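The values are calculated or read from the model by the stated rules, or taken from the named source; none is laboratory data. This is a predicted model, so every value here is computed, not measured. Ideal geometry is used to build each Cβ from the backbone, glycine not excepted, and the neighbour counts take in all protein chains shown. Calculation scope for accessible area: heavy atoms of the full protein, side chains included, ligands and nucleic acids excluded. Shrake-Rupley method; radii C 1.70, N 1.55, O 1.52, S 1.80 Å.
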Amino acid sequence: MKEDFDFNRIGKRLPYTTPDSFLDDIENNVWETVKQEMQPSGPKRNFRLWYSVTGGLVAASIALLIVFNLLPHHPRNNFEDVEKAFANLSSSDQDYLFATYQNDLFMNE
């Protein structure tokens, strides 16, 4: 094998050729595609977010109704109603209740 081989004599030819303005056409096609993708579309509405916020507001309003007791409630019985209910009990039940609550520390204070 020859040791004085000169690579400069071979030259730098490319084995492939392209038609004229081939690269310019590619560049133009790419720019057209990019322009189509960059065009602003109409406003997108996020319905999942809207439903989440609405559901949260409904849940919060129900919680407020429960916490602040704004739901309709039954009027409290006055002492006369308690007296009538106690009078409707049998005498043995009345004696039991009286004996049970007579020694109650919290009621006697």
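Computed quantities for the displayed model
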item	result
Looking only at region 91-105, and only at residues there that are surrounded by 10 or more Cβ atoms within 10 Å (Cβ to Cβ) and of a type outside the set (Ser, Thr, Tyr), the one that is nearest to the chain's Cα centre (by Cα)	Leu97
Residues of region 64-90 satisfying the condition of being at pLDDT below 80, polar (S, T, N, Q) and either open to solvent by less than 100 Å² (accessible area, probe 1.4 Å) or touching a Cys at 6+ places or on another chain (Cβ under 9 Å) (or both)	Asn69, Asn78
From Lys35, Lys44, residue being of a type outside the set (Val, Ile, Thr), in a helix (DSSP H, G or I) and surrounded by fewer than 10 Cβ atoms within 10 Å (Cβ to Cβ)	Lys35
So Asn8, is it modelled with pLDDT under 85, among the polar types (S, T, N, Q) and assigned to a loop (DSSP other than H, G, I, E, B)	no
